[in-house]
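The values are calculated or read from the model by the stated rules, or taken from the named source; none is laboratory data. Just so we're clear, the structure is a prediction, and the values are computed from it rather than from any experiment. As a convention, Cβ positions derive from the backbone with ideal geometry for all residues, glycine included, and neighbour counts pool all protein chains shown.
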Amino acid sequence: MVIVFAAGMVRGFAGFGFSALSVAGMSLLLPPALVVPPVFVLEVLASLSLLREAWKDADLRWLRWLVLGNALCIPLGLALLAWLPELELRLLLGALLLTAALLLRCGFSAGLEPSWQVRLGTGLVSGFVNGVAAIGGIAVAVLMSTTALSPAVMRATLIVLFLFTDLYALAWAAALPAASDAEAGLLGVQTFSMALTLAPAMLAGIWCGRRFFVGMAPQAFRQRVLEALILIAGLGVLRAVVELLR
């Protein structure tokens, strides 16, 4: 519950990061297969709790290209996992995202123009990384932080995007057990029971994170977001390294 509360604070403040932090933290205590499905359910609840305030600020020009890119590339990333080693892929992608976040925090500027090509490319990269390693939120946040979007618009767009990607991922998760001999599907009673138990801690964290966001200057927001990205990507790399060494 402490891990979920901390991850909820990051989600409420920045609009992303809940899944990566929750899975990285709780997987140290529980098997990942037990952790990931409830986190998907909690992500949907998190998006719904923030949707009302986010919808009015979301940039629909960004949103439609991000949704299209994710819809196209999430299945591609999942398919790639069928024949490429998952841990090595997660380590490579996590290291790339960590490097990008560190460069941006140190003052490097990519100076990307928000053209439709950049928006679609961001969605495609995010969807692919989401399918391969479930860290697409970090990828899209890194790329969007290089543009001139205001903090409120960037945060709101991410919140609405993640509602789509979480529901899309849950649909794929619900379909997967039908092709296997899994005793209980990914979305069984245990999944919802665990999600229900952890939901109050997450919602309390989101409330605290929203309080920190209100009134923050744009430059300070970007710095805090990049610091959160560095932390999340670093934890992802560390987790992959630990699993490789086992």
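Structure above, values below:
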{"read-out": "Matching residues in region 1-23 - criterion: being at pLDDT 90 or above and not in a helix (DSSP H, G or I)", "value": "M1"}
{"read-out": "Residues (of a type outside the set (G, A, S) and either within 11 Å of the chain's Cα centre (by Cα) or under 26 Å from Q223 (Cα atoms) (or both)) located in region 1-38", "value": "V2, I3, V4, F5, M9, V10, R11, F13, F16, F18, L21, V23"}
{"read-out": "Residues located in region 66-83, provided they are hydrophobic (A, V, I, L, M, F, W, C) and in contact (Cβ under 8 Å) with a residue 24 or more places away in the chain", "value": "L66, V67, L68, A71, L72, C73, I74, L76, L78, A79, L80, L81"}
{"read-out": "Pairs where the first residue, in region 212-241, is under 15 Å from V142 (Cβ atoms) and touching a residue at least 40 places away in the same chain (Cβ under 8 Å) and the second is of a type outside the set (S, T, Y) and outside any helix (DSSP H, G or I), C-beta under 7 Å, 6+ apart", "value": "A228/G17; I232/G17; G236/I135"}
{"read-out": "Among (1) touching a Ser or Thr at 6+ places or on another chain (Cβ under 7 Å); (2) surrounded by 24 or more Cβ atoms within 10 Å (Cβ to Cβ); (3) modelled with pLDDT of 90 or more, the one test that V39 misses", "value": "(3)"}
{"read-out": "Exclusive hit being out of contact with any helix residue (DSSP H, G or I) (no Cβ under 8 Å at 6 or more places or on another chain) and at pLDDT 80 or above, set S47, S115", "value": "S115"}
{"read-out": "Residue match in region 215-229 (condition: in contact with a Leu (Cβ under 6 Å, 6 or more places away or on another chain), of a type in the set (A, V, I, L, M), surrounded by 20 or more Cβ atoms within 10 Å (Cβ to Cβ) and closer than 22 Å to L50 by Cβ)", "value": "yes"}
{"read-out": "First in region 38-65 and among the β-branched types (V, I, T), second anywhere and buried (at least 16 other Cβ atoms within 10 Å of the Cβ), Cβ under 7 Å, 6 or more apart", "value": "V39/S19; V39/S22; V39/V23; V41/T191; V41/A195; V44/L163; V44/D166; V44/L170"}
{"read-out": "Residue under evaluation F108, criteria (1) in contact with a helix residue (DSSP H, G or I) (Cβ under 8 Å, 6 or more places away or on another chain); (2) not in a helix (DSSP H, G or I), criterion not met", "value": "(1)"}
{"read-out": "The lone exception for G77 - which of (1) more than 17 Å from F128 (Cα to Cα); (2) at pLDDT below 80 it fails", "value": "(1)"}
{"read-out": "For L96: the one exception among (1) in a helix (DSSP H, G or I); (2) of a type outside the set (V, I, T); (3) in contact (Cβ under 8 Å) with a residue 40 or more places away in the chain; (4) under 26 Å from R224 (Cα atoms)", "value": "(3)"}
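For every residue, the table says whether it meets (1) over 25 Å from D59 (Cα atoms); (2) surrounded by 23 or more Cβ atoms within 10 Å (Cβ to Cβ); (3) at pLDDT 85 or above; (4) charged (D, E, K, R).
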| site | (1), (2), (3), (4) |
| --- | --- |
| A95 | yes, no, yes, no |
| R105 | no, no, no, yes |
| S109 | no, no, no, no |
| L120 | no, no, yes, no |
| I138 | no, yes, no, no |
| A141 | no, yes, no, no |
